[in-house]
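Here's the structure we're looking at; comments come further down.
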Amino acid sequence: MNIKVRYFSASGNTKKIADAIAEGLNIEAISIKDEPELKEHTDLLFLGGAPYANIMAKPLKEYALNIKKEDVDKIVLFTTSNWSRRTVRALKKIFKEKGIFVYDKYFYAHMLRIKKRIPKAKEFGKQFVD
Ligand SMILES: Cc1cc2nc3c(=O)[nH]c(=O)nc-3n(C[C@H](O)[C@H](O)[C@H](O)COP(=O)(O)O)c2cc1C
């Protein structure tokens, strides 16, 4: 199973969660800044980001818009924020319009509780893997 964890993180919160999800799956989380597009077909993509002034970062939106239905089978979302889950809703809408399956279940960590959520994040990904 080809599994990837990709994220956008301006100040490092989402990166910590991405790294923890990836660690739980024995893979590496990669920033979309370092790898701006999916290089190969992905069975399961974990994709995360945060809201800034109520909208997701432009690079994350562009990344999501560039993903084609044939690139990915299934997507799991994760987000960190001060209160908003909007990034998840907005990403889900983008992928739904493309006909890409997105799990309803997503991972959320409040920006002030990142460290506390790391153990849960390490376990989170495993439920989606056969
Ligand atoms: C300029 C700025 C704007 C923000 N706007 C929002 C917002 O509209 N809603 C919210 O819930 N959190 C907001 N936050 C909090 C971030 O989403 C939160 O700190 C998040 O964990 C940042 O993730 P990152 O470190 O991966 O970039 C904002 C933070 C900054 C710095």
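Debye sum, Cα scatterers, the stretch 58-101, no solvent: what log₁₀ I/I(0) at q = 0.17, 0.30, 0.31 1/Å?
So the normalised log intensities are -0.46, -1.20, -1.25.
Looking only at the stretch 67-105, which residues have a backbone nitrogen under 15 Å from a spot 7 Å from the Cα of Glu37 in the C-beta direction?
Backbone N within reach: 67-72.
Using DSSP to call loops (not H, G, I, E or B), can you name the trypsin sites (Lys or Arg not before Pro) in the stretch 50-130 whose Cβ has at most 16 other Cβ atoms within 10 angstrom?
Hits after loop and neighbour filter: Lys68, Arg85, Lys105, Arg113.
Let me check against my output: what whole-number percent is the relative contact order of the stretch 3-124, with C-alpha pairs under 8 Å and at least 6 apart?
It comes to 29 percent, rounded to a whole number.
Relative to the compact-globule scaling 2.2 N^0.38 Å, provide the ratio for the alpha-carbon radius of gyration of the chain.
In units of the globular-protein estimate, the chain measures up at 0.94.
Going through the cross-link list Lys61/Lys105; Lys58/Lys120; Lys4/Lys74, which pairs have a Cα-Cα distance over 22 Å in this structure?
With Cα atoms farther than 22 Å apart: Lys58/Lys120.
Under a 5 Å amide H to amide H cut-off, with H placed in plane at 1.01 Å, what residues pair with Gly48 once short-range neighbours are removed?
HN-HN under 5 Å from Gly48: Arg6, Tyr7, Phe8, Phe78.
Which of the GluC sites (Glu not before Pro) found in the stretch 17-81 are loop residues per DSSP with 16 or fewer other Cβ atoms within 10 Å of their Cβ?
Glu28, Glu37, Glu40
Could you state the accessible area per residue of the chain in Å², with a 1.4 Å probe and every protein chain left in place?
Ligands and nucleic acids excluded, the figure is 56 Å² per residue.
The values are calculated or read from the model by the stated rules, or taken from the named source; none is laboratory data. Everything numeric here is computed off the predicted structure, so don't read it as measured data. Because the Cβ atoms are built from the backbone with ideal geometry, glycine has one as well, and the counts that use them run over all protein chains shown. To get the accessible areas, we keep the full protein, side chains included, count just its heavy atoms, and leave off ligands, DNA and RNA. Shrake-Rupley method; radii C 1.70, N 1.55, O 1.52, S 1.80 Å.
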